[in-house]
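What follows is a short report on a single structure.
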Amino acid sequence: DWKRTLWASLSQELGVPLNSSVAPAEPLYSMEVLEELHPNPFAEVYEATPMVVVDNRELQDTEASGRSTRHIELAMPEGSTYMAGDHLGVIPKNSPALVARVAAAFGLNPEIRIKLHKRHSATAALPTDKILSVGTLLTHYVELQEVATRHHLEILAGYTETTAEKKKLEALAGDAERYAREVQGPRKSIVDLLEEFPAARLPFAHYLQLASALKPRYY
């Protein structure tokens, strides 16, 4: 009973119509939604046009079939056309566990933000002059599982602080058969070797130069 008469009484006493509204106080923050996508240097390197995925859904009963077939639709960028024979390149990404492992090999937290700078005019496959986290860089831009080359072994030897490990790396680099058996055969990456030879203090920036950029998978 009291609530039923409350608003009518307040309206009469304060002279405010029951159907009036009070403008809310202006909020402290305003928000701007940015539609621009994060620039990806791969598009320029491969002379490709980036596209936006507008639909991605599973077509199979994966539990029953044990397989996955996906229906994917992409929005054609303005001014572009599709012709039979054109390739769609999909840039993969590395797993969080692998990214964490590589970051740990260099004593880095994946959440740390960095900015890369070019020292000369060569084309860079990695984003430069952009602030991004170590985790983002390793996830989306760097091939982390590529087999280390004999040249890589020589560079690691140059950064190695103990004589014993330095000689082992130099021996692997100098003996083609041993390299094929102990590195190429088991597909050891640079990070595998850094874990095997902890005295090799390869700087992270030099690692990024040695590692290949993630390559598109073409369809």
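The values are calculated or read from the model by the stated rules, or taken from the named source; none is laboratory data. What you are looking at is a predicted structure, and each value in this text was computed from that prediction instead of being measured. All Cβ positions, glycine included, derive from the backbone under ideal geometry; neighbour counts span all protein chains shown. Areas reflect the complete protein model, heavy atoms only, side chains present, ligands, DNA and RNA absent. Shrake-Rupley method; radii C 1.70, N 1.55, O 1.52, S 1.80 Å.
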Fill in: the chain: most fluctuating residue of Glu146, Glu154, Glu26 per GNM, C-alpha cutoff 10 Å
Glu26
Worksheet, complete the sentence: In nm, the gap between the two label points placed 7 Å beyond Cα toward Cβ at His87 and Lys130 is 2.2
Item to complete: Could you check which residue among Val54, Val147, Val16 shows the biggest mean-square fluctuation in a GNM of the chain with a 10 Å Cα cutoff?
Response: Val16
Item to complete: At q = 0.09 Å⁻¹, what is the base-10 log of I(q)/I(0) for the chain according to the Debye formula with one equal point scatterer per Cα and no solvent? Please give it to two decimals.
Response: -0.59
Item to complete: For Leu116 and Lys167, calculate 0.36 nm times their separation in residues minus their Cα-Cα distance, and state this gained length in nm to one decimal.
Response: 15.1 nm
Worksheet item: Given R₀ = 35 Å, FRET efficiency for Ala75-Ala97 by Cβ-Cβ distance, to 0.05?
Response: 0.60
Worksheet item: Debye sum, Cα scatterers, the stretch 78-151, no solvent: what log₁₀ I/I(0) at q = 0.13, 0.19, 0.21, 0.24 1/Å?
Response: -0.56, -0.94, -1.03, -1.15
Worksheet item: Sorted by accessible area with a 1.4 angstrom probe, largest first, how do His71, His152 fall?
Response: His71, His152
Fill in: Fully extended contour minus Cα-Cα distance, from Val16 to Lys215, at 0.36 nm per residue
64.8 nm
Worksheet, complete the sentence: Rounded to one decimal in nm, the spacing of the 7 Å Cα→Cβ label points at Thr49 and Arg67 is 3.2
Worksheet item: Using a probe of 1.4 angstrom, how much of the accessible area of the stretch 80-146 is carbon and sulfur, in percent?
Response: 53
